[in-house]
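Participant: I am attaching a structure below and will ask some questions about it afterwards.
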Amino acid sequence: MVVAAFVAPYLLQATSRFVAAAAAVPGVRLALITHDPASSLPPELRASLAGHWQVSDALDPQQLVDAVRGLQSQVGRVERLVGILEELQVPLAQARDALGLEGMGEEAARNVRDKSRMKTVLRGAGLPCARHQLVTRTEEAERFVAEVGRPLVAKPPDGAGARSTFRLDTDADVRSWLEVARRDPGEVWLLEEFLTGQEHTFDSVTLGGRTLWSSISDYRPPPLDVLRNPWVQWTVLLPRDISGQEYDEIRRLGPRALEVLGVQTAFSHMEWFRRPDGSVAISEVGARPPGAQLAGMIGHAHGVDFFSLYAELVLLDRFTEPQRTHAVGTAYLRGMGRGRVRGVRGLEDIERDLGHLVVDARMPTPGQRASSSYEGEGFITVKHEDTDVVREALDRIVGGVRVELVEEG
């Protein structure tokens, strides 16, 4: 019997699915470390847990250490400490190191969390990625702009999911960004070369430092393009066949990148570009499961429960390789502008013509506040054996569904 603790500050929908799957793994006694009191947990989830410990700040490694020690009286000696959120990876690693637990340590966690450090490690190993520099002063930023040219990307070094990320195309863009950056003189920013081409993911399972399996998906278009253009709708496609030569290079480079970053046992999410000349450049790596519905999509494409796959890997070092049987895609429903959702047009036609392909969906609801993310206010996921059918369905959804927003005030 393995005793494990899952750190989940708040039990949002996706996080709850991961926790429930971990609690259901045979041979595992699971405790939950969270900001919420036990009384607020869903009854079914609460009944499946062997222990619970409330903390005020799950990003504080000392609170995690104290929580694990406190759980000993409830569940016995904790052997595994896990969590899925990007921002948790370093605190989890620090707590593991302090407690002598198996799993990713602080050095590897910082390699995949600190985007500047990540690119330094990758480039040092001869792996292709964007040129970059951490900047804290105007002069440093201006020198980097002069050296690399534009366009550039400015982001926090520990960012995730394109949050607080800016594309700088012109001198005016650079000046505007510098005005924002100067508001906090203690802020550190990562400036990097803007990668062009087709953006993809390389989601993979590594066990004991060896990559056993991978899944590739296509971003259509890249998320930064979506953020810059409010009329652009985002889709993600998992083609049924990923054996083509266009993916040969990332199948070679992806495992090597995980190796040099120090990833041992993890379900990792890597984003990469295939440039117009066919070359590959690695954008970012996260040693945690993918977001943006990709976990569920991978499950649909392979006919498995992704959440159980993840739980068995990180709790029991066990992985059964799934086979890809379908193409799957998600179209994100995104309104233009700010405010709240007034309504959604075009859903009736999609339900009539494509309803038989839909395997998951979340519809925007009237009164819902508009999202600042490229994921928008809702999504529709479709599945079919034929990739072209899925691709055409995604185009039909983003072309036919409109989320109407109304300004507040």
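Participant: So which residues in region 363-374 are surrounded by fewer than 16 Cβ atoms within 10 Å (Cβ to Cβ) and touching a strand residue (DSSP E or B) at 6+ places or on another chain (Cβ under 7 Å), if there are any at all?
Facilitator: Applying the first criterion (surrounded by fewer than 16 Cβ atoms within 10 Å (Cβ to Cβ)) to region 363-374 yields 363, 365-367, 369, 372.
Result: 363, 365, 366, 367, 369.
Participant: Please find, within region 232-251, the residue that is surrounded by the most Cβ atoms within 10 Å (Cβ to Cβ) out of those that are polar (S, T, N, Q) and in contact (Cβ under 8 Å) with a residue 40 or more places away in the chain.
Facilitator: The first filter runs over region 232-251 and keeps only residues polar (S, T, N, Q), leaving 233, 235, 243, 245.
Going one step further and asking which of them are in contact (Cβ under 8 Å) with a residue 40 or more places away in the chain, we end up with 233, 235.
On the way: 233: 24, 235: 22.
Filtering region 232-251 for residues that are polar (S, T, N, Q) and in contact (Cβ under 8 Å) with a residue 40 or more places away in the chain, the one surrounded by the most Cβ atoms within 10 Å (Cβ to Cβ) comes out as 233.
Participant: Of the residues in region 336-358, how many are assigned to a helix (DSSP H, G or I) and of a type in the set (Gly, Ala, Ser)? Write out each step before concluding.
Facilitator: Here is the first cut: in region 336-358, the ones assigned to a helix (DSSP H, G or I) are 347-357.
Subsequent filtering for residues that are of a type in the set (Gly, Ala, Ser) retains 355.
So the count comes out to 1.
Participant: Okay, moving on. Going through 354, 258 one at a time, which residue ends up being over 23 Å from residue 19 (Cα atoms), in contact with a Ser or Thr (Cβ under 6 Å, 6 or more places away or on another chain), without any contact (Cβ under 8 Å) to a residue 60 or more places away in the chain and in the same structural domain as residue 243 (by TED's automatic domain parsing)? Don't jump to the end; show me each part of the working.
Facilitator: Details: 354 fails: in contact with a Ser or Thr (Cβ under 6 Å, 6 or more places away or on another chain).
Answer to the selection: 258.
Participant: Select from region 41-79 the residues that are buried (at least 19 other Cβ atoms within 10 Å of the Cβ), among the small types (Gly, Ala, Ser) and not in a helix (DSSP H, G or I) and list them in ascending order.
Facilitator: Result: 51, 58.
Participant: With respect to the numbered conditions (1) over 26 Å from residue 188 (Cβ atoms); (2) surrounded by fewer than 22 Cβ atoms within 10 Å (Cβ to Cβ), which one is the sole condition not fulfilled by residue 82?
Facilitator: Every listed condition holds for residue 82 apart from (2).
Participant: Also, I was wondering about something else. Every residue in region 208-231 that is in contact with a helix residue (DSSP H, G or I) (Cβ under 7 Å, 6 or more places away or on another chain) and surrounded by 15 or more Cβ atoms within 10 Å (Cβ to Cβ), please. Steps first, answer last, please.
Facilitator: The first filter runs over region 208-231 and keeps only residues in contact with a helix residue (DSSP H, G or I) (Cβ under 7 Å, 6 or more places away or on another chain), leaving 209, 211, 214-217.
211, 214, 215, 216, 217, listed by residue number.
Participant: Right, something else. Tell me which residues, restricted to region 357-376, are in contact (Cβ under 8 Å) with a residue 24 or more places away in the chain, within 24 Å of residue 227 (Cβ to Cβ) and among the hydrophobic types (A, V, I, L, M, F, W, C).
Facilitator: Listed by number, the residues that qualify are 363, 370.
Participant: Please find, within region 252-274, the residue that is nearest to residue 301 (Cα to Cα) out of those that are surrounded by 15 or more Cβ atoms within 10 Å (Cβ to Cβ) and out of contact with any Leu (no Cβ under 9 Å at 6 or more places or on another chain).
Facilitator: Among residues in region 252-274 that are surrounded by 15 or more Cβ atoms within 10 Å (Cβ to Cβ) and out of contact with any Leu (no Cβ under 9 Å at 6 or more places or on another chain), the one nearest to residue 301 (Cα to Cα) is 271.
Participant: Show the residue pairs meeting these rules: Cβ distance below 7 Å; 6+ apart or different chains; first residue within region 387-399 and more than 19 Å from residue 324 (Cα to Cα); second residue modelled with pLDDT under 95.
Facilitator: Cβ pairs passing all conditions: 398/233.
Participant: Same structure, new question: In region 275-327, which residue that is in contact (Cβ under 8 Å) with a residue 12 or more places away in the chain and of a type in the set (D, E, K, R) is surrounded by the fewest Cβ atoms within 10 Å (Cβ to Cβ)?
Facilitator: 321
Participant: Inspect region 8-27 for any residue being in a strand (DSSP E or B), over 13 Å from residue 315 (Cα atoms) and modelled with pLDDT of 95 or more and give the result as yes or no. Talk me through it step by step, then tell me what you get.
Facilitator: Here is the first cut: in region 8-27, the residues in a strand (DSSP E or B) are none.
No; the residues of region 8-27 include none that is in a strand (DSSP E or B), over 13 Å from residue 315 (Cα atoms) and modelled with pLDDT of 95 or more.
Participant: Would a scan of region 377-386 turn up a residue that is farther than 24 Å from residue 342 by Cβ, touching a residue at least 40 places away in the same chain (Cβ under 8 Å) and surrounded by fewer than 19 Cβ atoms within 10 Å (Cβ to Cβ)?
Facilitator: yes
Participant: Restricting attention to region 177-229, and to residues there that are part of a loop (DSSP other than H, G, I, E, B) and in contact (Cβ under 8 Å) with a residue 60 or more places away in the chain, which single residue is nearest to residue 328 (Cα to Cα)?
Facilitator: Narrowing region 177-229 to residues part of a loop (DSSP other than H, G, I, E, B): 183-188, 194-197, 208-209, 221-222, 229.
Now narrow it down to the ones that are in contact (Cβ under 8 Å) with a residue 60 or more places away in the chain: 194-197, 208.
Values: 194: 28, 195: 26, 196: 25, 197: 22, 208: 29 Å.
In this case the residue turns out to be 197.
The values are calculated or read from the model by the stated rules, or taken from the named source; none is laboratory data. Given the structure is predicted, the values throughout are model-derived calculations rather than measurements. Virtual Cβ from ideal backbone geometry, glycine too; neighbours counted across all protein chains shown.
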